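To start, the structure itself, in structure tokens.
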């Protein structure tokens with residue numbers, strides 16, 4: 001029998017070896033600091049902000065600088081050629097070309113609005129990720145507390161079983177007990193030992209799952225000093241639905257998509273308007289020519305000839321597509337249809353999330369009723385256990401009856417702990433759906 005006490009003491013020492021307590025607030029802070037998806041979201045926001053410029057929208061002029069250096073050596077033996085023989089022709093040129101779109105049907109402004117929405121979209125993605133992360137941390141944290149509460153109940157029952165066994169052994173020493181009762185209590189102690197060991201493992205699994213959510217080293221072993229408790233809240237359904245219509249992240253994402261598609265409709269309409277642009281260039285070229293022969297008139301070699309040229313150009317260009325087979329009109333019509341789909345998607349999502357909220361609110365209220373009943377059950381079960389213990393000492397109930405009452409107390413305690421945990425989880429789902437999880441924490 002001692003081996004069970006040694007094993008349980010070993011597991012308990014592991015769970016108590018940590019020095020630092022982990023509160024829910026600290027768990028949320030650690031998750032926010034360590035989560036890789038949040039770090040990636042921050043970089044995505046920076047990229048979107050860097051891209052949000054008027055130049056990328058097309059408002060700024062573009063200037064290109066070009067240079068060239070050409071060298072040609074020709075040996076021409078064609079009798080009909082103007083130049084027969086060997087000659088060199090080369091040039092060094094540089095030019096600057098500029099282009100500036102003055103008007104393109106408003107697409108520049110629409111492009112800028114798209115870039116601004118891209119920044120907002122990345123920020124929304126981050127907020128959505130934080131909302132989901134906080135729900136996971138919240139539920140993972142209270143999963144640990146829930147498992148610890150169950151362990152505490154089992155430890156109480158285990159301690160009671162050990163006390164009853166010790167009491168029965170003492171009675172045996174005075175000849176007031178029998179082997180049947182001893183076997184019953186020894187079996188109860190062994191069964192409770194196995195249950196406690198299994199529950200300790202469940203606590204450790206819950207803790208490791210939470211550490212994984214927090215992206216922290218799994219070798220750490222925090223203490224969890226919080227007790228499983230709840231302060232019942234009055235649910236104002238209308239107020240929650242009003243907040244949800246503004247804060248729900250599914251709706252926010254759909255509205256963001258709808259805003260982008262409205263801009264796409266504007267861009268499709270802008271394609272029916274003319275494009276006016278201004279272009280200009282400045283250039284300079286230095287040319288060289290050498291004919292490798294003697295001048296028949298002077299008998300001297302032809303000299304190296306140099307020349308240069310300056311060029312400049314300024315042009316205004318207007319482009320207007322008169323007919324494209326109806327493609328632009330089709331694009332505009334399709335863009336409008338997409339807007340209708342967006343509106344329908346938003347309406348459908350509102351119906352669905354309102355239905356989900358109604359279900360969650362009903363569940364929350366039902367859980368509060370179950371919790372109230374569980375409080376009464378645990379009170380009655382505790383009194384019944386105390387009365388049964390006195391009757392057992394007086395020899396009025398059997399060991400089997402005492403074990404049955406003990407199991408009733410265990411079930412009642414588990415029911416209460418489970419009701420608290422389920423109520424907390426349901427409330428976290430309400431906060432997540434409404435979109436107030438980040439704000440409330």
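The values are calculated or read from the model by the stated rules, or taken from the named source; none is laboratory data. Being a predicted model, the structure only gives us computed values, none of them experimental. All Cβ positions, even for glycine, are placed from backbone atoms using ideal geometry, and neighbour counts span all protein chains on display.
Counting only residues that are modelled with pLDDT of 85 or more and buried (at least 21 other Cβ atoms within 10 Å of the Cβ), which one in segment 402-416 is farthest from residue 139 (Cα to Cα)?
412
Check whether at least one residue in segment 43-64 is in contact with a strand residue (DSSP E or B) (Cβ under 6 Å, 6 or more places away or on another chain), assigned to a strand (DSSP E or B), closer than 27 Å to residue 287 by Cβ and touching a residue at least 12 places away in the same chain (Cβ under 8 Å), and report yes or no.
yes
Any residue at all in segment 389-404 that's in a helix (DSSP H, G or I), farther than 28 Å from residue 152 by Cα and touching a helix residue (DSSP H, G or I) at 6+ places or on another chain (Cβ under 8 Å)?
no
I want to confirm something. Restricting to segment 210-222 and keeping residues that are closer than 20 Å to residue 134 by Cα and surrounded by fewer than 15 Cβ atoms within 10 Å (Cβ to Cβ), which single residue is modelled with the lowest pLDDT?
Looking at residues that are closer than 20 Å to residue 134 by Cα and surrounded by fewer than 15 Cβ atoms within 10 Å (Cβ to Cβ), I get 218.
Listed here are the residues, each with its yes/no results for (1) assigned to a helix (DSSP H, G or I); (2) closer than 30 Å to residue 427 by Cβ; (3) modelled with pLDDT of 95 or more.
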residue	(1), (2), (3)
231	no, yes, no
234	no, yes, no
239	yes, yes, no
255	yes, yes, yes
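Scan 143, 152 and give me the residue that is out of contact with any helix residue (DSSP H, G or I) (no Cβ under 8 Å at 6 or more places or on another chain) and assigned to a helix (DSSP H, G or I).
Unique residue meeting the criteria: 152.
Kindly indicate whether residue 291 is more than 46 Å from the chain's Cα centre (by Cα) and surrounded by 14 or more Cβ atoms within 10 Å (Cβ to Cβ).
Considered against the rule, which asks whether it is more than 46 Å from the chain's Cα centre (by Cα) and surrounded by 14 or more Cβ atoms within 10 Å (Cβ to Cβ), residue 291 comes out as yes.
Looking at segment 257-276 only, could you name the residues that are in a loop (DSSP other than H, G, I, E, B) and in contact with a helix residue (DSSP H, G or I) (Cβ under 7 Å, 6 or more places away or on another chain)?
271, 272
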